[in-house]
1. Given H placed 1.01 Å from N in the peptide plane, which residues other than close sequence neighbours of A:HIS449 have an amide H under 5 Å from its amide H?
2. With unit charges on the beta carbons (Lys and Arg positive, Asp and Glu negative) and the dipole taken about the Cα centre of the protein assembly as shown, which residue among B:THR199, B:HIS31, A:THR464 sits farthest to the positive side?
3. Below 8 Å between Cα atoms, with a sequence gap of 6+, how large is the relative contact order for segment B:1-110 in percent?
4. Could you state the angle between the C-alpha long axis of helix A:379-393 and the longest principal axis of the C-alpha atoms of chain A, as a value from 0 to 90 degrees rounded to the nearest 10?
5. What does the charge count around A:LEU398 come to, taking other residues whose C-beta lies under 14 Å from its C-beta (Lys +1, Arg +1, Asp -1, Glu -1)?
6. Between A:ALA592 and A:GLN680, take the C-beta separation as r, use R0 = 30 Å, and let me know the FRET efficiency to the nearest 0.05.
7. Given points 7 Å out from each Cα along the Cα-Cβ axis, report the A:GLN427 to A:LEU398 separation in nanometres with one decimal.
8. Compute the relative contact order of segment A:319-388 as a whole-number percentage, counting only Cα pairs closer than 8 Å that sit 6 or more residues apart in sequence.
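None of the figures in this text is laboratory data; all of them are computed from the coordinates on show. Predicted, not measured: the structure shown is a model, and the values here were computed from it. Here the Cβ positions follow ideal geometry from the backbone for every residue, glycine too, while neighbour counts run over all protein chains shown.
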Amino acid sequence: MQSVVPKSEFLSAATRLTNDLVHRERIHTGMWKYYDARTRSQGFFQDWQQARLLASQTKKGAISHLHEHLVEFEQKATARGTVVHWAKDSEEARKIIFSILERREVKRIIKSKVMTSEEIHLNDHLERAGYHVLENDLGEYIQQLRNEPPYHFVAPCMHLSMKEISDLFEEKLKTAPTDDPEELTMIARRFLRQTYLTADAGITGANFLIAETGMISITENEGNARLTGALPKTMISLVGIEKVLPKMSDLALFLPMLATAGTGQPITCYNTAYAGPRQPGEIDGPDEWHIVLLDNHRTALLADPEQRDALHCIRCGACLNVCPIFKNIGGISYGTTYQGPIGSVITPHLRGLQDWKHLSGSSSLCGACTATCPVKIDLHHHLLQNRRNAVQERPDPLEGLAWRLFAKSINKPVVYQIGTKLAKLAQPFHRLISATPLDPMRAWTKTRHAPAMAPQSFKDWWRTRNTGVRTPSSAPQTGVRTPPSAKTKTHLSKADEGVRAPLQSRELILARIEEALSDTHPQPFEATAAQKRAVLPAVHDLVPQFAANAEFLRAEFHACADEAAAKAKLAELATKHGWKKIATHRGTLTDALVRSSGFSPFLDTTDGYDRFELEACDAGITECDALIAQTGSVFLTARSGGGRALSVLPEHHVVLARRDQLLADLPAGYELIRQRYGSQWPSLTTLITGPSRTGDIERIIILGAHGPKKLTILLW
Amino acid sequence: MLITLFIPCFVDLISPQAGISIVNILEGLGHQIDYPDELGCCGQPPFNAGYWDEAREAARPVLQRLRDSEAVVIASGSCGAMSKVFYKELFHGQPEEAEANALSAKCWEFTDFLVNKLGVTDLGASFPHKVTYHDGCHGLRELNLKKPARQLLEKVRGLQLVEMKEAETCCGFGGTFSTKFPMISTAMGEVKCASARDTNAEYLVSGDSSCLMHLQGLLTAQRQPLKTIHIAEVLTSRI
């Protein structure tokens, strides 16, 4: 029977992995490191619990107005030349992507981390069709070399040791073995660098769709998604429809929360918002940008009022990281795109309840997931609801009978008494066969001693005691049996879809959303800047706090007395790092520091550049829009930062900023750029914190995974 | 106060001493105990298995019998969560919904009742041993009971509480989960036992007999000297 397969595979993988003590130890160690980092980052927030509440209210508002948000998103994105596609299922999504690739005559594709593409098995189909597809997130790249799906949807190769990765590289890339994680990262960097420069198309996912501006926001540490969005001529982003946030300013709350919950960082290295392909006057970026909005059963989940909040998920992975089931069976056992508690909740909705209900059963319902979820999804209660729904849909005859007998007898004193007497009588006999293949309780006794029944039960003790107040027992209610609570099913049936066949997928998805949400009319919710400020990390003293936060994430920061001092510092950096050639764009600050200093030779990227020449430069020097003291971040756009690639392709990124550009916090940063660009957004806005980094190899932080190895900020 | 005591099946049959200790403590504080000895189970097992009709059938006598009680004390965080939190979900939209809500409001897990209802933390107990405490998941996360047990243990003479790293991690019992997915349940229990052992405690204390039954089963099978004990038994200990 086909439906048995996922469960039997799950059971055999879980048996194998729970017996692999080395594996269990590695995952536990990794997760404790995560736990310590996350606890520290949560501590930076003034009120983490209130932040969770704000985030969940924002997401609830967004999801309950999904229809309007998606239409607004489409309109805003289209206005800037982005092509928005709607895919009702995997097949349609693949078809859309294939037709773009064919029309653009694409041969070589690079992909930054895209979980939705795992969901639609895109790589398999692309490779079978003869495309050359390369994953460029370090962890995904390693898993691709292993021909294995991601182990954890945030940390794809967390189950591998350094030695296993070294052996893999030795076998596949013919490199010398090493036990140095930096050397391993640099092997991947050198190999992947070339592919960014030569790929025809880049495929990305997105963490958020910003309805108000028609942007997608991508969070990453390595810089691979930034390079993917900067260099190939065609960019395709495959995004689930539930990723919507109403306002760009919502990012001020969600970005630090995603980082904290996801990896335990105060903020992730690159948080980039894309607003279209290359815009008029811009020097780089793709000519064409396609966004594929993916339904693929999300509207069915939306139609379930009990579990709709599972669509609030921001895929931080926190629920996996705290889950004792995940920590003991690992990510591979699940056999799903999304592992851990969120995967166990949503996979039955995405891929069929009967085939995947065992994942909801395989939980002790400890609730650690729900307690940690930054958007307050009621995860473990949803596991219970999935169990109930599975039974209502197709009860197991034997188990159902057992529970009926249980229900009828457990609170009937006579039956209870006879049952316990029999059990007590059977106990000595059971001891003879305990843990043997004859033992009906072997599932317990194989590893655990059977609990002994007490010689005198509490009830016996109470009855013989003859004290205390006895009230006459009342007969149990002979029960008005009520029909099982009907699961609201407003999702369009297949027949309906047949009737409405002429509908295009866009209209079909929007109609599904409208029907799914017909039971609810909540008010939209927008967290104010003041509400966000009250929960986000406090800011008191701008310069010292910026310095501390930037240096914490390994950026180098120099507060210079004046322009002359900044100029001297830049010259000192050039000598210290032995820069042979630098690249910069024209601007007031770069003119003052670079042009007038006689740096020679330098590459001026203002009117465009040769990507190979830019890649060979030792440093890219840019201006920015603002510095954010709260997180130690640099806010720059394609306009202020000289395009998409200058700040990410050279090995060293140097940012020049004036003191009045230093702002207190993220809400202030988003307010500034909205005022500055609100009517004409540059195609890229990015929040950079520290140099490019990865923790994909045994959670050891290595700088310069793909983007700059160094980030220096000069302020005067 | 007339306190209705709910004794779950596994306390009744496997660790009655926990129930007896609770009776002694509450009576010692001058309260009267009403024990409905016809009740054996709150209905959680079929509820967790997805058989909610059957769970309702098992739970109805409980609702009915406890309808007129002034306060209900439950000798387990897990059954406490069932009665206090999950009945509301189980009976949502059912004729008994109001009754389930009323029961929820007057249900107390034992340590919560002592500390937060009666305002008692010092019971004059002495237990000169090094112990570590296991937070049962339902008590910890459904009922938010991190503190009461520790406030009680703090006042026990001679007792040294050493917190284990995995104090808040599930022991792996999870009811029928322990036999439907025994390999995962066992692995989780092993993690818990190892963490408890790392504290060099003599006793592993908890407010949940079901977790302790699971952990004791593992400890005995592995011939570990660490012993499990219900917090009520610690609180009735005297030298």
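1. B:LEU218, B:THR220, B:ALA221
2. My answer, from the dipole projection, is A:THR464.
3. Once normalised by length, the contact order is 31 percent.
4. 50
5. It works out to a net charge of 0.
6. 0.70
7. Each label point is offset 7 Å from its Cα along the Cβ direction, giving 2.7 nm.
8. For segment A:319-388, the relative contact order is 32 percent.
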